[in-house]
Amino acid sequence: MLTYPRFDPIAISLGPLDIHWYGLMYLVGFAGGWLLGRWRASRPGSGWTTTEVDDLVAMSMFGVILGGRLGYVAFYEPLTFLADPLSIFKIWNGGMSFHGGLLGVLFCLWLHARRTGRTFWAVSDFIAPLVPIGLGTGRIGNFINGELWGRISDVPWAMIFPGWEAGPYPRHPSQLYEFALEGVALFIILFGFSSRRPPERAVSGVFAAGYGLFRFLVEFVRQPDAHLGHVALGMTMGQLLSLPLMIFGTYLLWSAYRRHAQPKTDR
């Protein structure tokens, strides 16, 4: 069994202002995605400018934060929000939904596509390889906060997390599993796949199917939310929300290569 390193969730205190590690991890994720996006835009034949990347990342930041918070409230804690509506602004306490953040980002991608005259999928394919950077840093933020821990386990690397909710039991460090899968592994897969210049919407399909699969698998060792438990058919809310992603991602891949394989005819 490993000892959980007890972190102070506050990274820096500037008088009355406390800067939390959780928020810093989001900033690191956005900065990493922004720098990678600018690098990709500067590559020959990218069809993108660094200014367009700046605008897209800035819009996506608002989409992630607003959509992620609203999604968490809607999917996981609607009763808490009804009791304390102002709690929706307390993002430093944690509580962000990937699926809600995804919806927020998709709306921003649609707006950016309309502004720049691109197709939605061209914008989505460009930004998809940048997203795992933020996913990975976000999971590190969860680990520092000592939240979203796993189920009780006797594996040698199990940890006892602080707080009465976790209890004095060794648990899977599921935040680190998600960092490794949704962050590192998904980044490597998407970066390598996108470099082969696949047909439009294929990169988006790999992202949706890959994230959905990794999240679905980790949910087997991640502790379900106490107030939700297993929602339906023995699945957690995370698994229930990941199933459509896997199905839709697989469809995108199939349709991308099917369209690509169709012979072009003169008109």
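For the stretch 107-121, name all the residues that are surrounded by 17 or more Cβ atoms within 10 Å (Cβ to Cβ), closer than 25 Å to Leu213 by Cβ and modelled with pLDDT under 95.
Cys108, Leu109
Quick one: Glu178 ticks every box in (1) of a type in the set (Asp, Glu); (2) at pLDDT 95 or above; (3) surrounded by fewer than 22 Cβ atoms within 10 Å (Cβ to Cβ) bar one, so which box is it?
Glu178 satisfies every listed condition except (3).
Of the residues Gly141, Gly146, Gly136, which is touching a Gly at 6+ places or on another chain (Cβ under 6 Å), closer than 19 Å to Trp21 by Cα and not hydrophobic (A, V, I, L, M, F, W, C)?
Gly136 is the lone residue from the list that is touching a Gly at 6+ places or on another chain (Cβ under 6 Å), closer than 19 Å to Trp21 by Cα and not hydrophobic (A, V, I, L, M, F, W, C).
Examine the stretch 25-40 for a residue that is without any contact (Cβ under 8 Å) to a residue 40 or more places away in the chain, out of contact with any strand residue (DSSP E or B) (no Cβ under 7 Å at 6 or more places or on another chain), in a strand (DSSP E or B) and more than 20 Å from Gly101 (Cβ to Cβ), and state whether such a residue exists.
no
Of all residues in the stretch 48-66, which are free of Cβ contacts under 8 Å to residues at least 40 places away in the same chain, of a type outside the set (Val, Ile, Thr) and over 18 Å from Leu106 (Cβ atoms)?
Answer for the stretch 48-66, where residues must be free of Cβ contacts under 8 Å to residues at least 40 places away in the same chain, of a type outside the set (Val, Ile, Thr) and over 18 Å from Leu106 (Cβ atoms): just Asp54.
Pick out the one residue from Leu190, Leu186 that is touching a residue at least 60 places away in the same chain (Cβ under 8 Å), touching a helix residue (DSSP H, G or I) at 6+ places or on another chain (Cβ under 9 Å), of a type outside the set (S, T, N, Q) and surrounded by 14 or more Cβ atoms within 10 Å (Cβ to Cβ).
Leu190
Looking at Ala83 and the list (1) modelled with pLDDT under 85; (2) crowded, with 20+ Cβ neighbours inside 10 Å, which single condition is not satisfied?
Only one criterion is unmet by Ala83, namely (2).
Filter the stretch 181-205 down to the residues that are within 20 Å of Ala256 (Cβ to Cβ) and in a helix (DSSP H, G or I) and list them by number.
Leu186, Ile189, Leu190, Phe191, Gly192, Phe193, Ser194, Ala202, Val203, Ser204, Gly205, listed by residue number.
Being assigned to a loop (DSSP other than H, G, I, E, B) and at pLDDT 95 or above is the filter here; which residues of the stretch 159-175 pass it?
Across the stretch 159-175, the qualifying residues are His172, Pro173.
Just one of the numbered conditions (1) among the hydrophobic types (A, V, I, L, M, F, W, C); (2) crowded, with 19+ Cβ neighbours inside 10 Å; (3) farther than 30 Å from Ala41 by Cα; (4) touching a residue at least 60 places away in the same chain (Cβ under 8 Å) is not true of Ala166; which one?
Failed condition: (4).
The values are calculated or read from the model by the stated rules, or taken from the named source; none is laboratory data. This one's a predicted model, so the numbers in the text were calculated from it and none came from an experiment. Counting neighbours? That spans all protein chains shown, and the Cβs are built from the backbone with ideal geometry, glycine included.
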